1. Projecting each Cα onto the charge dipole of the chain (Lys/Arg +1, Asp/Glu -1 at the beta carbon, about the Cα centre), which of Cys76, Ile156, Trp37 comes out farthest on the positive side?
2. In Å, what is the Rg of the alpha-carbon atoms in the chain, and how long is Dmax?
3. Apply the Karplus parameterisation 6.51 cos²θ - 1.76 cosθ + 1.60, with θ equal to phi minus 60°, to every residue of region 133-139 and state each ³J(HN,Hα) to the nearest whole Hz, in sequence, with x for glycine and proline.
4. How would you rank 12-20, 124-132, highest first, on the average number of other Cβ atoms within 10 Å across their residues?
5. Treating the angle as unsigned and between 0 and 90°, give the value, to the nearest 10°, between the Cα long axis of helix 23-36 and the longest Cα principal axis of the chain.
6. If I take R0 = 30 Å and measure r between the Cβ atoms of Gln107 and Gln64 in this structure, what FRET efficiency does the formula 1/(1 + (r/R0)^6) give, to the nearest 0.05?
7. Over the C-alpha atoms of region 69-135, what are the Rg and the largest Cα-to-Cα span, Dmax, in Å?
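Coordinate-derived values only; no laboratory data. The shown structure was predicted, so the numbers you read here are calculated from the model rather than taken from an experiment. Neighbour counts run over all protein chains shown; Cβ positions are idealised from the backbone, glycine included.
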Amino acid sequence: GLVGSCISIFIIVFSILVDPSYLILLGSLLGFLILNWHPAKLFMGDTGSTFLGSILVLCLLNSQDFNVTFALLLICMPLFLDASIAVIRRFFDRQRIFEPHTLHLFQRLHKSGWSHSKVSLIYFSATFLIAAMYFFGGILATVITTFLIFLAGIWIDKKFAFPFHS
């Protein structure tokens with residue numbers, strides 16, 4: 001539900017700002033989320049995540065306006081930063097970055113006892129807040145909100161997540 005819900009927000013914003021034909025994908029994502037929420041009856045897997053990642057890149061490349069493209073990138077920051085920081089931390093920890101692991105913040109929060117639903121709702125809420133700030137506050141408010149969410153993520157990591165080094 002984490003990736004599907006965050007990408008749903010991205011697709012909504014992209015459909016409003018660039019191309020409404022992507023709302024078809026939103027419909028399928030919402031149907032997936034109903035079946036994926038706890039207790040999950042359907043899982044996305046690596047193939048589904050890779051497909052959504054490729055759609056995301058395609059959307060970014062189809063945006064003709066720099067501010068819109070930048071805003072769309074910011075909307076994805078809760079997912080992008082988690083993935084990027086996990087890889088960077090693993091690299092500096094001299095771990096093999098191309099091998100499977102469970103060191104993303106969302107995985108470490110779940111290990112520390114948080115439910116999948118709670119973690120997914122936090123990521124969804126952060127993504128939604130960034131998107132809402134673009135529409136109601138403009139690009140500067142979006143940048144500031146993204147930075148504040150990044151700081152909140154650091155705080156959540158330090159205070160609640162299962163330690164990165166086990």
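1. The listed residue farthest towards the positive side: Ile156.
2. In Å, with Rg to one decimal and Dmax whole: 16.0, 46.
3. 5, 5, 6, 9, x, x, 5
4. For the peptides 12-20, 124-132, the packing ranking is 124-132, 12-20.
5. The two axes meet at around 30 degrees.
6. Computed FRET efficiency for Gln107 and Gln64 comes out at 0.25.
7. Rg then Dmax for region 69-135, in Å: 13.7, 41.
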